[in-house]
Amino acid sequence: MRARNKAPSGKSKTAFSSSKSLRRVLERRCPVFRVRSRLPATLRLLVEGALILPLPSDSWSPWSRDREARALLLLATMFVLVEMTDTVRIPPWQFERKLNDAITEELNKKLANKVVYNVGLCICLYDITKLEDSYIFPGDGASHTKVHFRYVVFHPFLDEILVGVIKGCSLEGVRVSLGFFDDIIIPPESLQQPAKFDEAEQVWVWEYETEEGAHDLYMDTGEEIRFRVVDETFIDTSPTGPSSAEPSTSSATEEVQKKEAPYTLVGSISEPGLGLLSWWTNS
């Protein structure tokens with residue numbers, strides 16, 4: 001009998017020969033790597049914190065211990081640079097600071113850890129590309145500056161393979177967390193089949209067939225899981241004005257809106273090689 005979450009090992013895949021070859025590939029894919037030294041400290045900390053997650057394939061051993069290569073891979077596959085424009089208000093007591101520093105702080109206050117509709121989860125400011133003239137309006141001592149900038153945004157593309165940690169299980173499916181983003185769901189129909197929900201342990205189980213008979217593989221909380229992004233949902237959670245609906249109806253609607261996540265990813269593990277990493281580890 002195999003261990004609780006052990007399954008037959010998968011075949012090895014072609015790996016990059018070194019982190020340098022990986023860097024060259026990633027530099028062509030995403031311009032953020034061409035100026036690696038300018039990467040904001042906030043994003044570097046985020047990447048280093050996420051390095052506890054394994055690479056998409058355990059067979060990529062030639063550079064699996066290279067922290068920089070792992071960080072570059074994480075950035076290339078999970079984050080994008082988005083060009084934005086906004087008018088930033090700088091209060092008078094910040095006039096003594098450098099304009100770029102004050103604007104950077106204000107933009108991060110406004111956008112960091114916020115979901116922008118149809119864009120993604122904002123992480124931190126990458127750089128400022130253009131500053132237009134600043135204006136002070138009557139009755140307001142603050143300056144107002146139109147800013148063109150690029151922001152680092154978490155927005156994986158569809159069919160992308162990600163690795164996270166199981167946050168919990170319910171009849172709705174398996175909840176997955178990336179550490180900084182928790183709104184990921186793998187519905188029951190997208191699990192390895194046949195699958196069943198264990199009411200006693202509150203976990204999903206893959207009934208894996210072997211020559212020795214069926215073997216239950218449990219999707220325990222805290223286990224690392226590899227999944228494919230198959231869908232995404234954006235919900236506009238911005239406040240709306242009062243409506244003519246009845247008070248009871250409007251209050252119920254508000255409660256539902258509060259529970260809805262503004263950005264949700266839907267994953268799938270119904271393919272060979274996807275699922276718990278322990279299922280596919282070489283024995």
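The values are calculated or read from the model by the stated rules, or taken from the named source; none is laboratory data. Computed from a prediction, not measured in an experiment: that's the story for all the values here. Backbone-built Cβ (ideal geometry, glycine too); neighbour counts: all protein chains shown. Accessible surface is based on the protein model in full, side chains and every heavy atom, while ligands, DNA and RNA are left aside. Shrake-Rupley method; radii C 1.70, N 1.55, O 1.52, S 1.80 Å.
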Fill in the blank from the handout: For region 79-132, listing trypsin sites (Lys or Arg not before Pro) in a DSSP loop whose Cβ sees at most 15 other Cβ atoms within 10 Å gives ARG97, LYS98, LYS114
Handout entry: Charge sum, other residues only, whose C-beta stays under 10 Å from PHE227's C-beta, Lys/Arg counted +1 and Asp/Glu -1
Key = 0
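If r is the Cβ-Cβ distance from THR233 to GLU209 and R0 is 35 Å, what FRET efficiency results, to the nearest 0.05?
Numbers: r = 34 Å, r/R0 = 0.96.
Efficiency, from the Cβ-Cβ distance: 0.55.
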Practice task
Calculate what fraction, in whole %, of the accessible area of region 103-247 sits on carbon and sulfur atoms when a 1.4 Å probe is rolled over the protein chains.
Solution key: 49
Practice task
Give the relative contact order (percent, whole number) for region 79-175; include only Cα pairs under 8 Å separated by 6+ residues.
Solution key: 35
Fill in the blank from the handout: Taking region 127-210, the equivalent ellipsoid from its C-alpha gyration tensor has semi-axes in Å, biggest first, of 49, 15, 9
Fill in the blank from the handout: Filtering GluC sites (Glu not before Pro) in region 89-169 by DSSP loop and by at most 11 other Cβ atoms within 10 Å leaves GLU96
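What is the local net charge at PRO194, summed over the other residues whose Cβ is closer than 14 Å to its Cβ (Lys, Arg +1; Asp, Glu -1)? Display every interim value, and only then the final one.
Values: positive: LYS196; negative: GLU189, ASP198, GLU207, GLU209, ASP216.
With Lys, Arg at +1 and Asp, Glu at -1, the net is -4.
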Exercise for the section: Loop only per DSSP, at most 13 neighbouring Cβ atoms within 10 Å: give me the chymotrypsin sites (Phe, Trp or Tyr not before Pro) in region 155-238, ordered by residue number. Expected result: PHE157, PHE180
Handout entry: Amide H partners (placed H, <5 Å) of LYS114, local residues excluded
Key = CYS122
Fill in the blank from the handout: Sorted by accessible surface (1.4 Å probe, heavy atoms of the protein chains only), largest first, MET84, MET78 come out as MET84, MET78
Exercise for the section: Rounded to whole Hz and in sequence order, give me ³J(HN,Hα) for region 101-115 from the Karplus expression 6.51 cos²θ - 1.76 cosθ + 1.60, θ = phi - 60°, writing x for Gly and Pro. Expected result: 5, 5, 5, 4, 5, 5, 5, 5, 4, 7, 10, 4, 6, 10, 9
